[in-house]
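S.K.: Got a structure for you, questions after.
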Amino acid sequence: MPRVRATRRVHFSAAHRLFRPDWPEERNQEVFGSCANPNWHGHNYELEVTVEGEVDPETGYVMDLKRLRAALESRVVEDVDHRNLNLEVEWLAGVNPTTENLVVAIWDRIVTHLPDGVRLARVVLHETPRNSVEYTGGDRS
């Protein structure tokens, strides 16, 4: 059977502030610039999740993308959409919500919620139309 990748895209809007509470305000401004605004700022995120597996000869699917969408909605979007990532998302507690940290946390939320035989291949999070981060589940130091 051929192995195929299938991708689902979902959208959410969220606010955040990039900062380290152990740093003085000047250092946060120097490193994170306007993203360290104490009054927050927001993004309209686009999340792409790619799964990989053998094509089911009965359905022709790697995975029913409606099921993938439902998993993304329940495991990620319901928690983050129109929320403050610093204050309101339990699974981001204590994490500086950079796009890099967010994409890894999203991976962790969905990797174990896929059907048998389906592998999570990649997660791409678009913070803006020009900035995105990709994670493929690589080693963690």
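Throughout, read-outs are computed from the coordinates displayed, never taken from laboratory work. No experiment lies behind these values; they were computed from the predicted model shown. FYI the Cβ positions are ideal-geometry reconstructions off the backbone, even for glycines, and counts take in every protein chain you see.
S.K.: Using the Cβ atoms and a cut-off under 12 Å, what net charge is assigned to the surroundings of Glu73, where Lys and Arg are +1 and Asp and Glu are -1?
M.R.: Computed value for this residue: +3.
S.K.: Moving on to the next point. Determine, at each q value in 0.12, 0.14, 0.18 (inverse angstroms), the log₁₀ of I(q)/I(0) that the Debye formula gives when each Cα of region 1-73 is one equal point scatterer.
M.R.: With one equal scatterer per Cα and no solvent, log10 I(q)/I(0) is -0.55, -0.63, -0.75.
S.K.: Further, regarding this structure: From the C-alpha coordinates alone, can you work out the Kirkwood hydrodynamic radius of the chain, in Å?
M.R.: About 16.2 Å, per the Kirkwood formula over Cα pairs.
S.K.: Which of the listed residues, His16, Thr59, Pro38, is farthest toward the dipole's positive end in region 3-135, when Lys, Arg count +1 and Asp, Glu count -1 at the beta-carbon?
M.R.: Of the options given, the answer is Thr59.
S.K.: Another question about this same structure. In whole angstrom, note down how far apart the Cα centers of region 76-141 and region 9-58 are.
M.R.: About 9 Å separates the Cα centre of region 76-141 from the one of region 9-58.
S.K.: Let me ask something else. Over region 3-135, what relative contact order in percent results from Cα pairs under 8 Å that are six or more residues apart?
M.R.: RCO, region 3-135: 32 percent.
S.K.: Also: Provide the net charge surrounding Glu90, with neighbours chosen by a C-beta distance below 14 Å and charges set as Lys +1, Arg +1, Asp -1, Glu -1.
M.R.: Taking every Cβ under 14 Å from that of Glu90, the sum is -1.
S.K.: Got a sec? How would Met63, Met1 order by Cβ neighbour count within 10 Å, fewest to most?
M.R.: Met1, Met63
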